[in-house]
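Below is one structure, written out as structure tokens, with a few remarks after it.
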2 protein chains.
Amino acid sequence: MRDFLPLETRRRQYLIRGFREVYERYGFDPIDTPALERLEVLLGAGGADNEKLIFKVLKRGESLSRSLESKEELSDAGLRFDLTVPLARYVVEHRSELPRVLRRYHIGPVWRAERPARGRFREFYQCDVDIVGAPGHSAEVEVILATADALREVGFGSFSVRLNDRRLLSALLASAGASPELHATAVIALDKLDKIGWEGVGAEFTDRGIGAGVLERLRAMELEAVSTLPVREALSHLAHKMGSASEDFESAVRDLGAIALDLGVARPNISLVVSPVLARGMGYYTGPIFEIASQEVSLALAGGGRYDQLIGRFAGQSLPAVGFSIGFERILELMSERQMFPESLSGVDAFVTVFDAEQRADSLRLADELRATGLRVLLALQVGGLKPQLKEANQRGARFALIAGPSEREQGVVQIKDMESGEAQNVGRQEVARHLSGAINRAET
Amino acid sequence: MRDFLPLETRRRQYLIRGFREVYERYGFDPIDTPALERLEVLLGAGGADNEKLIFKVLKRGESLSRSLESKEELSDAGLRFDLTVPLARYVVEHRSELPRVLRRYHIGPVWRAERPARGRFREFYQCDVDIVGAPGHSAEVEVILATADALREVGFGSFSVRLNDRRLLSALLASAGASPELHATAVIALDKLDKIGWEGVGAEFTDRGIGAGVLERLRAMELEAVSTLPVREALSHLAHKMGSASEDFESAVRDLGAIALDLGVARPNISLVVSPVLARGMGYYTGPIFEIASQEVSLALAGGGRYDQLIGRFAGQSLPAVGFSIGFERILELMSERQMFPESLSGVDAFVTVFDAEQRADSLRLADELRATGLRVLLALQVGGLKPQLKEANQRGARFALIAGPSEREQGVVQIKDMESGEAQNVGRQEVARHLSGAINRAET
């Protein structure tokens, strides 16, 4: 697990702040849930697959002794491995206190007991928006717009939205000869297409007991070519290809068309792609699924979809839901590599030196005055030569160092030293705050 | 453990934002550490007392089987129970990447396997500022000023700073006849004085093997009366009472005097109190200790002190450190009870209704335009009568509902309905954003 140094922490805060601001504009409400969930909740909603990913918390005291004796489960709680399962529990538990349609965002850590690898961590942040309680395509449009705006807010300019639908994917698999009970496992294999290619998916299909004919027939459909067509044509091409398919297939095509239409109205510049091989790994999706991919680095930045059954497993009644999750850690890495963070994130505005113990009170007053104007100001903590103080100022990235020795005091001025250029100028004691605020605002605009 | 509803979450975010802003002004750097720490770290630094408080994470796979067989410890990691032990580990681990003097803040969750009670939770936030690497009293002054300003930032006006020093307390205990090896346990008992009174402390002393004479002699010193004196007099009263005490005692008096002098320069309005019975529970304090207490509710809002040995236990060499921790959950509760949160925290600015499916695109454009100006805007997700939409607008605390049916469209206007007064007025379609921004700014100033 990772520690974060100050600069890394500031970058994480910068992202969170940017995403949050956009979600708020869309009227999403923040919520929070505990890190620990009851094990039955984590394992309940299809989480059994995830059991080996869960950090389990040891029972305590007598409860532990009893379980050791009777060789029962030694844990009754675990760290959440995503923010969706806790949301499902939360919605059911607080139904009466929540609006009928819950638009919520949640940015926070989750934990997975996986072997760490590049870009994969045992503790990492997820960043989700979800709308619970609204069927139909309007909710999809809201989460897609909010996510696209959130990515734009932190500096991503050119990206495309890839659209598909689990019902459409199922119809394709059925028409390729896969029986319905194999669709879920086929989706997991297809999800790896980008990484392992059709050969790899073929091997996965064999491992998963899906006949080789299915793969051949899928490839013969030339589904990837559909992605090159404009949305409307892509959808009618698919409808034509499938002939009179299931009602589910037709609903999928209708929903995707409606989503694309709305997105076209609101963001004509975003490129929309129908990608019938887009699978998204999670088992719980039931309708439209989507990704936002950066066009420059061909990486998925966010992924999501509709999952109308998951919450029902907790609620005992189906409750429509749709969500979009931003790949927080991936974006952080990408933005660091590509130097997309503003420079002003680190560093402080001024470092106030202390000439000697007697003049510490003056320095304290000066620092205090500057802080009151909102400037970020360090005050030297150890009296001693000027040199180590200027070294600290430099190390901490201070823009200016303020110096007031006996001669400056006598003249009623403070020496303001620009730490980058090395230039120094004397400014009247009463003018220091105004002078610095001005210099710093000028530099930022 | 607790879920947080949207309003509660916003209140937590409001506090975090306020505290962070002030810490930044003082040049404190944010850092973050993982929720899970190795068990040896948690138990290392005097944490053995805390062992029963730790949520331990179960080992996995073969490692678990081996430990079960050989009846070894079933866990090698646990959830952090504070932010100070992780800081100590962090400083040692990243020494070469950190500034020589580290001023850091950390606001985040910690976990304790305690029985929940009023104001005591199994998962709760701590909010700490610490300065590592600076001896002397200047660092104390910085953490006290930053904490006082942070409390002021979120609305606390009148509070007092209570000062004491562990070396002073030790000298008092010694002069009351307690042998040095009993000082640590005596401090834990004295820490409860506010709650259980001298009688209770006496009982605790007996339990802890401290002779009854010690208590009598302590009480005879009338230490609480010292708190009523101005700082300088309080300190010379104590010095006089103790006569020629240890060097440690004299350093304590000198440091407290210097801290009080600086605080007086920077914040002449804050009431300063020397409180020789102030103990602060933690075992690791070595010098000045302090609390900020609300004068209105006589509750400690924050507590801290100098701990020059703790980090040394990890570093193998002593490293001076001082910290101040705000009682995040307590303050949250207090502010909720006393309605100190701004009203505008909850709710959205506008709810855009959708007249029918055909006009959804228009509504989407309108919502989008308003969001681009920074307003918080909900868009109706389900088409249907106006009534359920207005009900939702009301439930979500929208200030205005926007309505555009066929007649409004024909006239090129939008109806803006003030959800509080019920008044409605038609505004030209192009004027809506400007009109709403104006109305909302006016209401906020």
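Which value in deg cm²/dmol, rounded to the nearest 500, describes the helix-derived mean residue ellipticity at 222 nm for chain B, given -39,500 (n - 2.57) per DSSP H run of n ≥ 4 and division by the residue count?
-13500 deg cm²/dmol
With each pseudo-label sitting 7 Å past Cα toward Cβ, what's the B:Ser437-A:Glu247 distance in nm, one decimal?
4.9 nm
How large is the Rg to Rh ratio of chain B when both quantities use alpha carbon positions and Rh follows Kirkwood?
Across chain B, the Cα-based Rg/Rh ratio is 1.10.
Tell me the trypsin sites (Lys or Arg not before Pro) within the range A:61-127 that lie in a loop according to DSSP and have at most 14 other beta-carbon atoms within 10 Å.
Those that pass, being in a loop and sparsely packed, are A:Lys71, A:Arg100, A:Arg118.
Quick one: Cα convex hull volume of the range A:270-320, Å³ per residue?
Measuring per residue, one finds 89 Å³ for the Cα hull of the range A:270-320.
What FRET efficiency comes out for the pair B:Glu114/B:His237, r = Cβ-Cβ distance, R0 = 41 Å, nearest 0.05?
0.55
Determine how large the accessible area of B:Leu36 is when every protein chain is in place; take a 1.4 Å probe and give Å² rounded to the nearest 10.
20 Å²
Please check: in the Gaussian network model of chain B (C-alpha springs, under 10 Å), which one of B:Glu24, B:Glu62, B:Glu333 has the largest mean-square fluctuation.
B:Glu62
I want the local charge near A:Gln425. Using Cβ-Cβ distances under 9 Å, sum +1 for each Lys or Arg and -1 for each Asp or Glu among the other residues.
Charge balance in the 9 Å sphere: -1.
Show the residues, 5+ positions off or on another chain, whose built amide H is closer than 5 Å to the amide H of B:Phe159.
B:Ser271, B:Gln295
Over 15 Å, how big is the tail of the calculated P(r) for the range A:223-310, in percent of all Cα pairs?
64 percent
At A:Asn441, with labels set 7 Å past Cα in the Cβ direction, how many nm apart are the copies from this one, shortest first?
Copy-to-copy label distances at A:Asn441, shortest first: 1.6 nm.
List the chymotrypsin sites (Phe, Trp or Tyr not before Pro) within the range A:300-333 that DSSP assigns to loop and that have no more than 16 neighbouring Cβ atoms inside 10 Å.
In loop regions of the range A:300-333 (DSSP not H, G, I, E or B), there are no sparsely surrounded chymotrypsin sites (Phe, Trp or Tyr not before Pro).
For each pair in B:Lys56/B:Lys195; B:Lys192/B:Lys241; A:Lys52/B:Lys59; A:Lys192/B:Lys59; B:Lys387/B:Lys417; A:Lys192/A:Lys241, compute the distance between the two Cα atoms and list the pairs where it is over 22 Å.
Violating the 22 Å limit, Cα to Cα: B:Lys56/B:Lys195; B:Lys192/B:Lys241; A:Lys192/B:Lys59; A:Lys192/A:Lys241.
Would you grab the residues whose amide H sits under 5 Å from the one on B:Leu379? Only those 5+ places off in sequence or on another chain, please, with H modelled 1.01 Å from N.
It is B:Val352, by chain and number.
For the range B:344-417, evaluate the Debye formula with one uniform point scatterer on each Cα (no solvent term) and list log10 I(q)/I(0) at q = 0.12, 0.13, 0.14, 0.19 Å⁻¹, rounded to two decimals.
-0.28, -0.33, -0.38, -0.71
Provide the per-residue ³J(HN,Hα) series for the range A:345-357, in order, calculated from phi with Karplus coefficients 6.51, -1.76, 1.60 and θ = phi - 60°, each as a whole number of Hz, with x at glycine and proline positions.
Running phi through 6.51 cos²θ - 1.76 cosθ + 1.60 with θ = phi - 60° gives 4, 9, x, 10, 7, 8, 10, 8, 7, 10, 5, 7, 4 Hz.
If the viscosity is 0.890 mPa s and the temperature 25 °C, what Stokes-Einstein diffusion coefficient in µm²/s follows for the range B:46-89 when Rh is the Kirkwood radius over Cα pairs?
In µm²/s, the coefficient rounds to 209.
Interface size between chain A and chain B, please: total buried accessible area, 1.4 Å probe, rounded to the nearest 100 Å².
Chains A and B together bury roughly 7100 Å² of accessible area.
So if I take the centroid of the Cα atoms in the range A:153-174 and the same for the range B:81-108, what is the distance between those two points in Å?
42 Å
Points 7 angstrom from Cα along the Cβ direction at B:Ala361 and A:Ser344: gap in nanometres?
Spacing of the two 7 Å Cα→Cβ label points: 4.0 nm.
Under a 5 Å amide H to amide H cut-off, with H placed in plane at 1.01 Å, what residues pair with A:Val413 once short-range neighbours are removed?
A:Arg429
If you keep only loop residues by DSSP, which trypsin sites (Lys or Arg not before Pro) in the range B:314-360 have at most 15 other Cβ atoms within 10 Å of their Cβ?
B:Arg338
With labels modelled as points extended 7 Å from the Cα through the Cβ direction, what inter-label distance (nm, one decimal) is found for A:Glu423 paired with B:Ser67?
6.2 nm
Label-to-label distances across copies for B:Arg152, with labels 7 Å out along Cα→Cβ, in nm, shortest first?
Listed shortest first, these distances are 4.1 nm.
Let me cross-check B:Ser318: its accessible surface, 1.4 Å probe, with only protein heavy atoms counted, in Å² to the nearest 10?
Accessible surface of B:Ser318 is approximately 70 Å².
Kindly list the residues of the range A:11-39 that lie in the label zone of A:His94, defined by a backbone N under 19 Å from the point 7 Å along the Cα-to-C-beta vector.
A:20-21, A:23-38
Regarding the range B:142-216, what whole-number volume in Å³ per residue does the convex hull of its Cα atoms give?
Dividing the Cα hull volume of the range B:142-216 by its residues yields 113 Å³.
Roughly speaking, to the nearest percent, how much of the range B:24-183's 1.4 Å accessible area is carbon and sulfur?
48 percent
Working out 0.36 nm times the residue gap between A:Ser158 and A:Glu333, then minus their Cα-Cα distance, what length gain in nm do you get to one decimal?
61.2 nm
Once whole DSSP H runs in chain B are found, which of them have Cα atoms spread over 24 Å or more along the helix axis and a mean Kyte-Doolittle score of at least -0.5?
B:247-266
For B:Trp198 and B:Asp76, compute 0.36 nm times the residue count separating them, minus their Cα-Cα distance, and round to one decimal in nm.
39.8 nm
Hey, for A:Gly61 with labels 7 Å out along Cα-Cβ, what do the inter-copy distances come to in nm, ordered shortest first?
Spelled out, the distances from A:Gly61's label point are 3.4 nm.
Tell me the net charge near A:Gln389. Cut-off is 13 Å between Cβ atoms, A:Gln389 excluded, with +1 for each Lys or Arg and -1 for each Asp or Glu.
With Lys, Arg at +1 and Asp, Glu at -1, the net is +4.
Using 0.36 nm per residue, how much length does the chain from A:Gln430 to A:Ser298 gain when fully extended, once their Cα-Cα distance is taken away?
42.1 nm
Find the Rg to Rh ratio for the protein assembly as shown, where Rh is the Kirkwood radius over alpha-carbon pairs and Rg uses the same atoms.
1.01
Summing +1 for each Lys or Arg and -1 for each Asp or Glu, what net charge is found among the other residues whose Cβ lies under 10 Å from the Cβ of B:Ser67?
-2
If I take the rotation axis that carries chain B onto chain A, which residue of chain B has the nearest beta-carbon, and at how many angstrom?
Residue and rounded Å distance to the axis: B:Leu58, 2.
The values are calculated or read from the model by the stated rules, or taken from the named source; none is laboratory data. Owing to the predicted nature of the structure, the values given are computational and were not obtained by experimental measurement. Positions of Cβ are generated from backbone atoms using ideal geometry, with glycine treated the same way; all protein chains shown enter the neighbour counts. Note: areas computed on protein heavy atoms with side chains; ligands, DNA, RNA excluded. Shrake-Rupley method; radii C 1.70, N 1.55, O 1.52, S 1.80 Å.
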